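Asks: Have a look at the structure that comes next, please.
The values are calculated or read from the model by the stated rules, or taken from the named source; none is laboratory data. The structure displayed is predicted, hence computed values, not measured ones. Every residue, glycine among them, receives a Cβ derived from its backbone with ideal geometry; neighbour counts consider all protein chains shown. With ligands, DNA and RNA removed, areas are computed over all heavy atoms of the protein, side chains included. Shrake-Rupley method; radii C 1.70, N 1.55, O 1.52, S 1.80 Å.
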Amino acid sequence: MERSMNFDDILSHIGGFGKFQKILYVWICLPQILLAFHMLISVFTGAVPPHLCRSNNTTWALPASSDAFNFSLVTGPDGDPGLSCSAPGGVPSSPLAQLNHSTALALSDDHVTGVCQGGWEFSKETFHSTVATEWDLVCDNANLNNIGSSIYMFGLLVGAVLFGSLADKFGRRNIILVGLTIQSTFGVGAAFAPNFYIYVFLRFVVGTTISAVIMNAFVLGTEWTGSKHRMLAGIITDYFFGFGYITLAGLAYLIRDWRKLQLAISAPGFLFIFYIWVLPKSARWLLANQRNEEAMDLIRKAALMNGKPLQEDIEICQGYNDMVKMEERKKDTVIDLVRTPKMRRNSCIMFYLWFVNVLVYYGLSLNISDFGMNIYLTQLIFGLVEMPARTITLFTLNRSRRISQLAFLAVGGLACLLTIFIPDDLSIIRTVLAMVGKFGITASLSIVYVYSAEVFPTVIRQSGIGMGSMCARAGGVLAPIIYLLRGVSKNAPMVLFGLCTLLGAALTLLLPETAHQPLADTIEDVEGSSMSEDSEEGNMKPALYEECPTRNPDIII
């Protein structure tokens, strides 16, 4: 006699996190290291070292070597920023250069400031070369550097939309393979860019692939993992991203030339060619697209690898088969995220949570970056501080997705608001509060990945996460712009960050609890079968999965 089981029951039967899933996690986590490299590399390749305007005046000639030039004239609390873009014909090569800047100006009768005509001399103390030093992205051209960063972030936004939809159509595995190939090719190409505009274009394409890989790797892991271990799909990959965050500090310290550094972080991506043979498809996606035989072959392979062979009389059932046959089922699109009431409510809230998490995450990172230490040590600290934030979610997510999301958003929002009450002379306390806010937002950002994958049903899960990622990228683009509000009030950015985060915490109360619940496969699962509470036992059960529907010959595997 054949037995009917839904996909989550089969995962529990063959092992929700056995050897098959653990090997899968190795494959989906390794690329996260390179993703962190590409996301954060501009901190080093786009850095602007101290610089001074060269002079065409022979009386005020620059020394032949930049090492002999006194860059303290434009650095430190007493530095003159005006010398970076215009100077009194440069700095004298005579012993007068040993005097301080004010004495030099007093002794010179030829002091005339104006637009820099002779180009710039850059300090090589920290960087041998950067994008800014190679193409003179300073002074009048300084905005080009910022525009380049914005275009890269826009690439992530485009990739979130484009590859989210393509993954629902062509599968998670295929998009991961395509994304890694394009990422490595264009990343290496960026290291040989002949000019700034081609460099920006190549980085834009790399940005689109970041979204392709990071979203689909996460979803692939989620769809193969049982409900008891599902949160690991987000948390474990976050650890590898954090490891890449930290590793980049050491790599950049060793490689001070931007082209060599760009090549070093991109070329290893070609090693992932072996994924063609080892990376599995998503059985859940195959079932949702009526490729039942292929899905069952993968399920049996996973069962054997986990040491729990699947019996031959197993039938996979899906709740929507009572209503229509699978081959007659309509194709779901991004519009279905907001077509029906419950999906519209859940989608809009999740989109806002993605937006506010990334907005405040990057906002706080910009706000607490001035530690007075060198850039490599600062990068290392930023990577290390995120590890405990991700670790703590391991102890809270299993209890409740909704309460965990709410609590960490509240911590982040309150910490931001409290900083406005701390006087400027207590900078240490302000910094500690900002770090607490970053801790809360980092933990919340880890949770939103897990929560999203459980709120959106299988047929539009990737589209939902893609749209959420798009909203997140919009937040990343807006984060530095928020600091323009300092012209209105110095506390305005932190007030805005705090209020937006607390609003997100309040909206989280309207989302369903998904901890230890089967993943919804269709929109009908969300709209037609609401989560009902058993008042006597206090358990939340989805009516859809209380039992499998009447056997349908079209879905026997």
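Asks: Can you tell me which residues in region 472-505 are among the charged types (D, E, K, R) and under 17 Å from MET350 (Cα atoms)? Spell out the reasoning first.
Replies: Restricting attention to region 472-505, the residues satisfying the condition of being among the charged types (D, E, K, R) are 473, 486, 490.
Within region 472-505, ARG473 is the sole residue that qualifies.
Asks: For region 74-175, which fully contained helices (runs of 4 or more DSSP H) count at least 3 residues that are at pLDDT 75 or above?
Replies: On the way: elements: 101-107, 131-134, 142-170.
Per the criteria, 131-134, 142-170.
Asks: Follow-up. Considering only region 201-259, how many residues are at pLDDT below 85 and among the aromatic types (Phe, Trp, Tyr)?
Replies: Of the residues in that region, 5 qualify.
Asks: Just checking, which of ALA132, ALA142 is open to solvent by less than 10 Å² (accessible area, probe 1.4 Å) and not aromatic (Phe, Trp, Tyr)? Even if it seems obvious, please write down each step before you answer.
Replies: Details: ALA142 fails: open to solvent by less than 10 Å² (accessible area, probe 1.4 Å).
Residue meeting the stated conditions: ALA132.
Asks: Taking the condition within 30 Å of ILE422 (Cβ to Cβ), modelled with pLDDT under 85 and surrounded by 15 or more Cβ atoms within 10 Å (Cβ to Cβ), does VAL526 pass?
Replies: So VAL526 does not fit the description; no.
Asks: Still on this structure, I have one more. Which condition number does GLY171 fail, the rest of (1) in contact (Cβ under 8 Å) with a residue 40 or more places away in the chain; (2) in contact with a helix residue (DSSP H, G or I) (Cβ under 7 Å, 6 or more places away or on another chain); (3) at negative phi being met?
Replies: (3)
Asks: May I ask you to list the residues in region 215-266 that are basic (Lys, Arg) and open to solvent by less than 30 Å² (accessible area, probe 1.4 Å)? Working first, answer last.
Replies: Step one: filter region 215-266 for residues basic (Lys, Arg), giving 228, 230, 256, 259-260.
Selection gives ARG230 alone.
Asks: List every residue pair whose Cβ atoms lie under 6 Å apart, where the two residues are 6 or more positions apart in sequence or sit on different chains, the first residue falls within region 194-205 and is within 16 Å of ILE41 (Cα to Cα), and the second residue, located anywhere, is open to solvent by 20 Å² or more (accessible area, probe 1.4 Å) and β-branched (Val, Ile, Thr).
Replies: The qualifying pairs are VAL200/ILE151; PHE204/ILE151.
Asks: Can you list the helices (runs of 4 or more DSSP H) lying wholly within region 223-295 that have 1 or more residues being among the basic types (Lys, Arg)? Write out each step before concluding.
Replies: On the way: elements: 232-254, 258-266, 275-278, 283-288.
Here the list reads 258-266, 283-288.
Asks: Check whether at least one residue in region 281-289 is modelled with pLDDT of 80 or more and open to solvent by 40 Å² or more (accessible area, probe 1.4 Å), and report yes or no.
Replies: Taking every residue of region 281-289 in turn, at least one turns out to be modelled with pLDDT of 80 or more and open to solvent by 40 Å² or more (accessible area, probe 1.4 Å).
Asks: Just one of (1) open to solvent by 30 Å² or more (accessible area, probe 1.4 Å); (2) at pLDDT 75 or above; (3) not hydroxyl-bearing (Ser, Thr, Tyr) trips up GLU546, so point out which.
Replies: (2)
Asks: Consider LEU426 carefully, then state whether it is closer than 19 Å to SER365 by Cβ and open to solvent by 10 Å² or more (accessible area, probe 1.4 Å).
Replies: So LEU426 does not fit the description; no.
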